[in-house]
1. For the structure I just gave you, tell me whether residue 162 is of a type outside the set (Ser, Thr, Tyr) and assigned to a loop (DSSP other than H, G, I, E, B).
2. Filter the range 12-43 down to residues that are open to solvent by less than 60 Å² (accessible area, probe 1.4 Å) and at pLDDT below 70 and give me whichever is nearest to residue 145 (Cα to Cα).
3. Give the residues of the range 142-175 that are out of contact with any Ser or Thr (no Cβ under 8 Å at 6 or more places or on another chain), over 17 Å from residue 92 (Cβ atoms) and acidic (Asp, Glu), sorted by residue number.
4. Only residues that are assigned to a helix (DSSP H, G or I) and either touching a helix residue (DSSP H, G or I) at 6+ places or on another chain (Cβ under 8 Å) or at positive phi (or both): list them for the range 99-135, please.
5. Quick check on my filter: what residues within the range 165-181 are open to solvent by 40 Å² or more (accessible area, probe 1.4 Å) and assigned to a helix (DSSP H, G or I)?
6. Within the range 89-109, can you find the residues that are more than 21 Å from residue 151 (Cα to Cα) and buried (at least 19 other Cβ atoms within 10 Å of the Cβ)?
7. Under 6 Å between Cβ atoms, which residue pairs at least 6 apart in sequence (or on different chains) link something in the range 100-129 that is under 11 Å from residue 57 (Cβ atoms) with a partner that is open to solvent by less than 20 Å² (accessible area, probe 1.4 Å) and part of a loop (DSSP other than H, G, I, E, B)?
8. Output the number of the condition that residue 86 fails; it satisfies all remaining conditions of (1) open to solvent by less than 40 Å² (accessible area, probe 1.4 Å); (2) assigned to a helix (DSSP H, G or I); (3) at pLDDT 90 or above.
Amino acid sequence: HESVRKPSYKCSSLLNPFNVKPEDLDAFKRFRAEFEPYADKVLPFPRVKPATVAVFFSKPTEIHYDSFPRYDKSESPWHPPKNTVVSDWYLRLLHAQYPVQVVFEEDLVKLGPEVAALVFPGTQCATAATVDAAEAFERRGGLVVAGTDAFAFDEFLKPSVRARGKFRRVADSAALLAAIRGAGVRKYAELEPADGGGEIVAADV
């Protein structure tokens, strides 16, 4: 009270937690107690849970991108701007409330059973080991979703036919979300506005 009546330059030190008694630092504890009755409804799957969707980053594709054959965009939307496909698919999954992680080739053999979907955006180049891991993931019951142009080349930019026709193929991130949703992959939460206007897709839980 004295600090309010006669403030001085020293008053700012009161904002330092070291100047507050430990028993008074209970804001988070009080918040948890107030929030607990609504936790299952508001936040049933908080972001301390493992990812259920893995997004693959293809290093060979990154290396060879500028050497890809150029396709006529009037015939095919095959060649989007560099890096936009991976980031677009990742953000669409994140904003749709899916627990998502980015993985590299060495991570594929270590994916745990909690990962229900493995996604390959912008993976025009892939090693044989990557294709093997994707096939093994699918055999164990996981969903593999790949872009329409995925696995067209090996890591040496040689045409590959090994993975053509395999896996679930999608053209864009909207089709990706439909495939993930259709497979029942677990989300953090389902967000809907109170007026029933449809799913909220760009909020952070």
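The values are calculated or read from the model by the stated rules, or taken from the named source; none is laboratory data. None of these values were measured; they are calculated from a predicted model. Cβ atoms come from the backbone with ideal geometry, glycine included; neighbour counts cover every protein chain shown. Ligands, DNA and RNA are stripped out before the accessible areas are found, and what is left, the full protein with its side chains, is counted by its heavy atoms. Shrake-Rupley method; radii C 1.70, N 1.55, O 1.52, S 1.80 Å.
1. Criteria met by residue 162.
2. 43
3. 149
4. 105, 108, 109, 129, 130, 133, 134, listed by residue number.
5. 174, 178, 181
6. 92, 93, 96, 97, 98, 99, 100
7. Every condition considered, the pairs that remain are 101/51; 120/150; 123/58; 123/150.
8. Just one mismatch for residue 86, condition (3).
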